[in-house]
Amino acid sequence: MLSITIGLVLLMALAYLGWSIIWVAPLVAGVVAVLNGLDVLETYTGTYMQGLVNFVKNWFPIFLLGAVFGKLMEDMGAAKSVAQKVTQLIGKKRAILGVLIAAALLTYGGVSLFVVVFAIYPIALQLFREANVSRKLLVPTFALGAFTFTMTSIPGTPQIQNLIPMDYFNTSPTSGSIIGIVATLIMAVGGYLWLAFRAKKFAAKGEGYTEPESSTHITTDGDQKLPHWIISLIPLVVVVVLLNVVKLEAVIALLVGVLCIMILNLKDYKKFIPSINDGGKGSVMAILNTSAAVGFGSVIAIVPAFDNITAWLLGISDNPLIAEGLAVQIMAIITGSASGGMGIALSTLGDTFNNVAQTIGISPDALHRIAAIASGASIFPNNGALLTLLAVTGLSHKETYKDVFVVAFLIPTIALIVGIILAAIGLV
């Protein structure tokens, strides 16, 4: 147990310091192996690499097509076109709501949350400037719109956090719809009300918009001719409909979405190859970060004391949903990755949760939705997506994390608890 604790704390600390999990994960896995008297080389080449490779084998097509889809949406100007239209409809004075809806719409349409940040950031700056809203609220607004409900709880979202549980529970993207809708309302409404409250507090103190010290990360593409917003919206709608109405596999839905973007933007065909190349490169880094964390989890799973952890999680409650929610949330916090933490928890405990749930009559749909929501209720300071967001905006943990904690951890955790209660009374 001590070796596992040391390993987890070391992994979190090094990730918080900004060290890449791609090499930190196998290093810390080696520390765990040494402390347990295991052969380090054999553990790395066998257990660790097997966990890493299995995750890549199962999920690389989704990561690849998702990244390519998002990059094409960005480079064709489609993502920015949709974002601008949303903000126009909402109104410039409702800057927080405009950025929130734009980020949520793009994320639910299948655009990578990282692409969403880069695509909307220049527009968000302009809106916050005109509404005189403190830039400190940019990070929590992005986090709420892209890292929470559209990633985990809205039924049918094509984000990877909603697709991973399908492989373990034989479910669909719309599984646990009632739980998902209620959780979405809690996160979206609760988060927005908190941000609106904070904006008033900042205004009362006379703290309004201030220009970034550096414009390094601001995209200057004002001369780009954007496609019509309706044309830009079509690929997003196509992916969601094919995935949830036609019930096609996620790979096929994303592939059709990619082809749709290309057909609608044939005049910009010269950009296709560079965009696809960049998307492919980005997908490799994304899946390696996640699979490295899964490989570490595979090593943790063979440590004898892990059986004690399993027994503890399963013994917390007769309801496996509580154990599953805690397991996924804790692993996601430790690894700084929603998909990575979920991958660790479900690869080691998924079958157990499923078997216990079937024994006592709990629906696999409930297991699916609770796992997804729990994975997103995990945004601690070491979270990889948060660190990227801070780098893009030029803000710090000190300036933003209080509000990020509320909208991306505290409120989603409340939604998770409510979801477990709903599942317990049979509302799935």
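Inspect all residues belonging to segment 310-318 and state whether any of them is within 21 Å of the chain's Cα centre (by Cα) and part of a helix (DSSP H, G or I).
no
In segment 265-283, how many residues are of a type outside the set (Gly, Ala, Ser) and either open to solvent by less than 60 Å² (accessible area, probe 1.4 Å) or in contact with an Asp or Glu (Cβ under 9 Å, 6 or more places away or on another chain) (or both)? Reasoning before the result, please.
Applying the first criterion (of a type outside the set (Gly, Ala, Ser)) to segment 265-283 yields 265-274, 276-278, 281.
Applying the additional criterion that residues be either open to solvent by less than 60 Å² (accessible area, probe 1.4 Å) or in contact with an Asp or Glu (Cβ under 9 Å, 6 or more places away or on another chain) (or both) yields 265, 268, 271-272, 274, 276, 278.
The total comes to 7.
Here is a check on your reading of the model: is Ile300 part of a helix (DSSP H, G or I) and either of a type in the set (Phe, Trp, Tyr) or closer than 19 Å to Pro165 by Cβ (or both)?
no
Given the conditions (1) under 30 Å from Val40 (Cβ atoms); (2) open to solvent by less than 10 Å² (accessible area, probe 1.4 Å); (3) among the β-branched types (Val, Ile, Thr), which single one is not true for Ile302?
It is condition (2) that Ile302 fails.
Can you tell me which residue within segment 191-201, out of those that are more than 19 Å from Leu105 (Cβ to Cβ) and crowded, with 17+ Cβ neighbours inside 10 Å, is nearest to the chain's Cα centre (by Cα)?
Trp194
I want to confirm something. Restricting to segment 1-27 and keeping residues that are assigned to a loop (DSSP other than H, G, I, E, B) and touching a residue at least 60 places away in the same chain (Cβ under 8 Å), which single residue is farthest from Ala292 (Cα to Cα)?
Met1
Just for helices (runs of 4 or more DSSP H) wholly inside segment 28-135: which have at least 3 residues that are farther than 28 Å from Ala391 by Cβ and out of contact with any Asp or Glu (no Cβ under 8 Å at 6 or more places or on another chain)?
Details: elements: 49-75, 78-90, 95-108, 113-131.
Output list reads 49-75.
Mind telling me which of the residues Gly336, Gly341 ends up being over 23 Å from Leu427 (Cα atoms) and out of contact with any Leu (no Cβ under 9 Å at 6 or more places or on another chain)?
Step by step, each of Gly336, Gly341 is checked, and only Gly341 is over 23 Å from Leu427 (Cα atoms) and out of contact with any Leu (no Cβ under 9 Å at 6 or more places or on another chain).
Limited to segment 60-90, what total is found for residues that are among the aromatic types (Phe, Trp, Tyr) and either open to solvent by less than 20 Å² (accessible area, probe 1.4 Å) or modelled with pLDDT of 85 or more (or both)?
2
When both residues are 6+ apart or on different chains and their Cβ atoms are under 7 Å apart, which pairs have a first residue that lies in segment 409-428 and is in contact (Cβ under 8 Å) with a residue 40 or more places away in the chain and more than 11 Å from Ile179 (Cβ to Cβ), and a second that is assigned to a helix (DSSP H, G or I) and open to solvent by less than 40 Å² (accessible area, probe 1.4 Å)?
From segment 409-428, the pairs are Ile411/Met187; Ile411/Gly190; Ile411/Gly191; Pro412/Met187; Pro412/Ile373; Pro412/Gly376.
The values are calculated or read from the model by the stated rules, or taken from the named source; none is laboratory data. Please read these numbers as outputs of a predicted model, since none were measured by experiment. Virtual Cβ from ideal backbone geometry, glycine too; neighbours counted across all protein chains shown. When the accessible area is computed, the model is the full protein with side chains, heavy atoms only, and any ligands, DNA or RNA have been set aside. Shrake-Rupley method; radii C 1.70, N 1.55, O 1.52, S 1.80 Å.
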